[in-house]
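This report concerns only the one structure given below.
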Amino acid sequence: MPGPQRFEGPSDLHLHSAHSDGTQPPAEVMAAAHRHGIRTAALTDHDTTSGWAEAAEAASSLGMTFVPGMELSARHEWRSVHVLAYLPDPDEPALRAETTRIRASRLDRARLIADRIARDYDLVWDDILAQTTDGATVGRPHIADALVARGFVRDRAEAFSGILSPRGDYYVALYAPDPVTAVGLVSGAGGVPIIAHPAGRAGLLPMRLIERMLDAGLAGFELGHRENREPALGTLRALCRERDLIVTGSSDYHGLGKPNTPGENTTTDDMVARVVARATGSAPVHP
Ligand code: AMP
Ligand code: FE
Ligand code: FE
Ligand code: ZN
């Protein structure tokens, strides 16, 4: 039996590629992380594992450890909840079926949003397709990029605060499972579920929902993330200490799509080791 594996940081466990709404191919994402001094990196595209192979190969050739991951979409009432899934089995049927369903409905929903925007702006579906790579998980960021390309907004941030805002006329919600189901699917696939940016602008999730997620196998919270805010952050910090939960910190890098830079938040070596020790679905790739 091999002993517990050691992980060498700095570790950044939340990075996006063009397989979802990042702007670079997985190999370039790993190269960007490497340039910022990262030694262990995860790829966590929304609702897909399709970037893993390219990222793993690139990470290895750069001498980095690769942790396969995903950011699974979930929804609680009106708010979206993102469940980071580390080291799940990418072929486990239930998780696979759900991600397939989410990606398909994201595509339908993007078309609906585009149709609504087209009533007021000269924007066609091809403009959006031009911003996505084949098979990528489609999201509002791609519509934002199309709006930028057409000159209607300056950048993604302006699109999100205006045309793409959930409070605006053009918004359509996406299909996503409830957070307890999402956590259960990740655990069921041998993955380690961690709630991404859990103390963002929407504030703390209801404590009884958090309890139900913990019962379903929730492993911890991404407390190191630029969007987290007090007082929700302090509440979760106390909860994680009390229950001995896993705590991560990450950049949520999206290439040019967000100002976030690799390594702006990191996860400690012992927490990375705890994530890996808990996973049974797949294994990290060492150089
Ligand atoms: P969607 O999942 O299609 O509803 O889009 C949400 C995604 O848009 C998230 O994954 C974020 O990465 C991205 N996003 C949200 N707000 C912004 C923003 N202000 N600037 C850039 N990207 C954003
Ligand atoms: Fe994103
Ligand atoms: Fe997220
Ligand atoms: Zn993310």
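The values are calculated or read from the model by the stated rules, or taken from the named source; none is laboratory data. Everything quoted here is computed from the prediction, not taken from an experiment. Here the Cβ is made from the backbone with ideal geometry for all residues, glycine too, and neighbour counts use every protein chain on show.
Search the stretch 254-276 for residues that are closer than 18 Å to G9 by Cβ and pair each with any residue that is at pLDDT 95 or above and in a helix (DSSP H, G or I) when their beta-carbon atoms are under 9 Å apart and the residues are at least 6 apart or on different chains.
Note: pairs meeting the criteria are T261/A32; P262/V29; P262/A32; P262/A33; P262/H34; P262/R35; G263/A33; T267/V275.
Restricting the search to the stretch 59-103, which residues are more than 23 Å from A27 (Cα to Cα) and more than 16 Å from ligand 2 (Cβ to nearest atom)? Step through it out loud before you land on a result.
We begin by selecting, within the stretch 59-103, every residue more than 23 Å from A27 (Cα to Cα); these are 73-83, 92-98, 100-102.
Matches in the stretch 59-103: H76, E77, W78, E92, P93, A94, L95, R96, A97, E98, T100, R101.
So, in the stretch 138-157, of the ones that are among the β-branched types (V, I, T) and over 17 Å from D108 (Cβ atoms), which residue ends up surrounded by the most Cβ atoms within 10 Å (Cβ to Cβ)? Steps first, please.
From the stretch 138-157, those among the β-branched types (V, I, T) are 138, 143, 148, 153; that's our starting set.
This time we only want the ones that are over 17 Å from D108 (Cβ atoms), so: 148, 153.
On the way: V148: 16, V153: 21.
So, considering only residues that are among the β-branched types (V, I, T) and over 17 Å from D108 (Cβ atoms), the one surrounded by the most Cβ atoms within 10 Å (Cβ to Cβ) is V153.
Any idea how many residues of the stretch 227-255 are surrounded by fewer than 16 Cβ atoms within 10 Å (Cβ to Cβ) and within 16 Å of ligand 2 (Cβ to nearest atom)?
1
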